[in-house]
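The values are calculated or read from the model by the stated rules, or taken from the named source; none is laboratory data. None of the values given here were measured: they were computed from a predicted structure. Every residue, glycine among them, receives a Cβ derived from its backbone with ideal geometry; neighbour counts consider all protein chains shown.
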2 protein chains.
Amino acid sequence: MEAVLTEAVALLDEAGESALTFRALAARLGGGVGSIYWYVSSKDELLDRAADHVLADVLRAAEMLTGSDDPIDDLRAIAMTLFDAIADRPWLGAYFMRNTGVQPHGMKLYELIGEQTLRLDLTRRERFHAVSAVIGYVVGIAADMGQQPPQEVRDGEVSREDYLSRFVAQWRAMDADQYPFVHHIVDDFEVHDDADQFSAGLDLLLAGLRLQAGA
Amino acid sequence: MEAVLTEAVALLDEAGESALTFRALAARLGGGVGSIYWYVSSKDELLDRAADHVLADVLRAAEMLTGSDDPIDDLRAIAMTLFDAIADRPWLGAYFMRNTGVQPHGMKLYELIGEQTLRLDLTRRERFHAVSAVIGYVVGIAADMGQQPPQEVRDGEVSREDYLSRFVAQWRAMDADQYPFVHHIVDDFEVHDDADQFSAGLDLLLAGLRLQAGA
DNA sequence: CGTTCTATCGAACATCGTTCTATTGTATCG
DNA sequence: CGATACAATAGAACGATGTTCGATAGAACG
């Protein structure tokens with residue numbers, strides 16, 4: 001069982017979601033295709049279990065970072081940890097948002113985030129909403145940024161910079177009257193860093209939360 | 001071409017993402033499987049086109065709602081419109097976040113959101129980050145909430161309330177010492193409304209943005 | 001020894017995306 | 001008008017995938 005999940009995660013990490021096949025997994029385990037179905041009843045369950053397997057590490061890391069004086073700082077640290085995990089595991093984003101809180105470690109993570117809000121001066125309902133907002137933001141952004149670049153980039157034929165600059169060129173070629181904003185930020189887009197972008201947006205959200213807790 | 005997209009969207013709306021098959025689509029169009037490949041080169045492109053086809057309506061609706069005195073109010077209206085669209089089209093969420101801004105109407109929507117930030121007193125970089133944050137939040141939350149409930153619920157065998165209360169019961173059964181937050185908000189969860197929840201989180205984000213623009 | 005339960009295996013099936021070739025209709029041109 | 005090129009359609013065929021199923025072997029136990 002443990003081996004099944006470990007190898008499944010390895011396959012996902014190495015070559016993305018499409019690489020996780022029952023046949024490929026069986027070959028890696030040196031067994032037959034049917035054997036996997038003894039441990040897992042479907043591919044969906046396999047993915048859920050693999051995702052939760054990874055979340056165990058995320059949870060452990062997140063727990064390390066909490067315990068400061070400021071609950072919002074802790075919230076920030078947890079969110080960052082989760083973001084990092086999804087960012088370099090693109091497959092995790094897609095299978096994290098579905099059924100949040102059904103898997104054991106996902107549930108614990110939800111709890112951990114929620115507990116920080118218990119230390120804030122908020123309504124019950126406000127706490128509930130705040131946690132949903134933070135998780136939704138993290139998963140949404142991370143899943144977006146972690147999407148697999150096209151085949152050419154993955155194979156190394158085209159560098160990430162070239163790929164990005166192709167986008168930039170396309171944006172620059174657009175009508176400036178119809179797309180003033182796109183032209184306005186294209187320079188920033190060209191040199192942007194995913195983690196910075198995530199962090200800046202998170203700060204907005206947490207600033208709003210801090211405002212709410214202070215009133 | 002137009003008919004292909006219309007029927008593709010109809011299939012997606014009626015029975016979800018898994019229902020969109022080249023064979024099912026061909027049967028609906030009264031033609032052969034191969035014919036579709038004349039209009040579209042892959043299933044990915046079909047989904048992209050279908051998503052953009054829907055985004056045209058979203059964009060039109062969003063444009064109607066802008067033009068108030070307060071750019072942040074406009075931002076809020078656009079986000080709400082986008083949320084509603086994804087909420088009752090679960091398939092849209094998954095295929096919206098990938099390649100935002102490649103499809104024409106997705107690009108326009110990005111521009112429309114961005115233009116609101118042009119009316120705020122912000123750095124270029126701050127504007128760039130703000131737009132990413134808003135879109136990430138909307139798509140993340142909407143995709144999460146719009147996820148297809150299990151088969152039983154879709155078939156009407158189990159009502160949405162029963163489905164939700166099964167969750168609630170599971171949460172209530174958990175150890176109260178280990179999961180204080182979960183027990184804290186379970187009552188709110190039981191009666192929660194997705195749109196309210198989204199709206200509350202969006203307000204946090206926009207409050208943070210307003211704060212940034214005021215400084 | 002017989003029985004039951006755990007665990008494994010791989011052939012077989014249905015379905016899906018995709019490719020390929022053949023064919024039909026339709027406009028254009030010599 | 002006949003020929004030719006091109007837009008468009010149709011469906012058989014291929015390879016890959018998730019899943020089902022029956023067969024089988026070992027272990028545990030009375």
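A compact table of results
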| quantity | calculated |
| --- | --- |
| Meets criteria (surrounded by fewer than 21 Cβ atoms within 10 Å (Cβ to Cβ), touching a Ser or Thr at 6+ places or on another chain (Cβ under 7 Å) and touching a residue at least 12 places away in the same chain (Cβ under 8 Å)) for A:A77 | yes |
| Qualifying positions in segment B:70-111 - of a type in the set (S, T, Y), more than 18 Å from A:I141 (Cα to Cα) and within 12 Å of chain A (Cβ to nearest Cβ) | none |
| Qualifying residue in segment B:54-65 (condition: more than 16 Å from DNA strand C (Cβ to nearest atom), within 14 Å of chain A (Cβ to nearest Cβ) and surrounded by fewer than 17 Cβ atoms within 10 Å (Cβ to Cβ)) | yes |
| Enumerated helices (runs of 4 or more DSSP H) restricted to segment A:53-145, each holding at least 3 residues that are within 23 Å of B:V186 (Cα to Cα) | A:71-87, A:104-118, A:124-145 |
| Residues being within 9 Å of DNA strand D (Cβ to nearest atom) and either away from chain B (no Cβ under 14 Å) or in a helix (DSSP H, G or I) (or both) - total across segment A:42-52 | 4 |
| Neighbours by Cβ (under 6 Å, 6+ apart or cross-chain): first from segment B:85-105, of a type in the set (A, V, I, L, M) and buried (at least 18 other Cβ atoms within 10 Å of the Cβ); second assigned to a loop (DSSP other than H, G, I, E, B) and modelled with pLDDT under 85 | B:I86/B:G146; B:A87/B:G146 |
| Residues of segment B:160-198 satisfying the condition of being modelled with pLDDT under 95 and among the polar types (S, T, N, Q) | B:S165, B:Q170 |
| Residue that is farthest from DNA strand D (Cβ to nearest atom) [pool: residues in segment A:15-25 that are within 14 Å of chain B (Cβ to nearest Cβ) and surrounded by 14 or more Cβ atoms within 10 Å (Cβ to Cβ)] | A:G16 |
| Cβ pairs under 6 Å, 6+ apart, first in segment B:122-147 and more than 7 Å from every other protein chain (Cβ to nearest Cβ), second surrounded by fewer than 19 Cβ atoms within 10 Å (Cβ to Cβ) and modelled with pLDDT of 90 or more | B:L122/B:A213; B:M145/B:D194 |
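Okay, residues lined up against (1) more than 12 Å from DNA strand C (Cβ to nearest atom); (2) within 14 Å of B:L92 (Cα to Cα); (3) within 14 Å of chain A (Cβ to nearest Cβ):
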residue: B:A3; (1), (2), (3): yes, no, no
residue: B:L11; (1), (2), (3): no, yes, no
residue: B:A27; (1), (2), (3): no, no, no
residue: B:S35; (1), (2), (3): no, no, no
residue: B:S68; (1), (2), (3): yes, no, no
